[in-house]
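Encoded as structure tokens, the structure appears first; notes follow it.
Only the coordinates and a few stated rules stand behind these numbers; no lab work does. Every value quoted in this text rests on a predicted model; they were computed, and no experiment measured them. Reconstructed Cβ throughout: ideal geometry from the backbone, glycine too, with neighbour counts over all protein chains shown.
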Amino acid sequence: MQGKIPNRQEAFALLTKYNKSDSLIKHALAVEGVMRFIARKLGEDEEVWGVVGLVHDLDYEMYPEQHCQMTKQILEEQGWDESIIRSILSHGWGTCTDVEPKTPMEKYLFAIDELTGLITAVALVRPSKSIMDVEIKSVKKKWKEKSFAAGANREIIQKGADMLGITLDELIQITLDGMKTVAKEIGL
């Protein structure tokens, strides 16, 4: 039996029920924007990819020690489809789950999650504080500074690019392009 495929409105209501932090909500919106952008490029279901991006860190604010595990429980209780739950769990592969990303949606979520955080930090140190003038070279320059946005795990980002069979530059460009589609919503 297939579970529920929620729409964006339902997903956003659930996100804001469990997350009050402006930065976490903006991160969710950034990941959603990138996932929707990639889905459009690949001819995939933009709504499903967007919902997965939007709620990927559903439990992070309230249950940081049980990240991904509580999301699984919450979404199962909501009757969400197993494929959506699995996709969300896969973004924590190697850190908080053993669910390896297999589908394109899972691989992209894994690859771009940390990268959106790094790109946000790069945008915020620019005089304009805008994503619109961030380029690959700006991100690559800050990439080398391990103390800059230290929480953005570069190994995971690189592993994600490798998993997708694309270069780091290609992944950065796709993520930048996707974030630019939601620049206003994420305050950049």
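The number of residues in segment 136-188 being assigned to a helix (DSSP H, G or I) and among the small types (G, A, S) comes to 4. Hey, any hits in segment 3-22 for a residue that's surrounded by fewer than 14 Cβ atoms within 10 Å (Cβ to Cβ) and among the β-branched types (V, I, T)? Yes; the residues of segment 3-22 include at least one that is surrounded by fewer than 14 Cβ atoms within 10 Å (Cβ to Cβ) and among the β-branched types (V, I, T). Screening segment 1-93 for helices (runs of 4 or more DSSP H) wholly inside it with 2 or more residues that are of a type outside the set (D, E, K, R), touching a Cys at 6+ places or on another chain (Cβ under 9 Å) and more than 20 Å from L118 (Cβ to Cβ) returns the ranges 82-90. For I166, the test of being out of contact with any Pro (no Cβ under 9 Å at 6 or more places or on another chain) and buried (at least 20 other Cβ atoms within 10 Å of the Cβ) is failed.
E106 - would you say it is closer than 21 Å to A39 by Cα and loosely packed, with under 14 Cβ neighbours inside 10 Å? For E106, the condition - closer than 21 Å to A39 by Cα and loosely packed, with under 14 Cβ neighbours inside 10 Å - is not met. Scanning segment 96-134 for residues that are in contact (Cβ under 8 Å) with a residue 40 or more places away in the chain and assigned to a loop (DSSP other than H, G, I, E, B) yields a count of 4.
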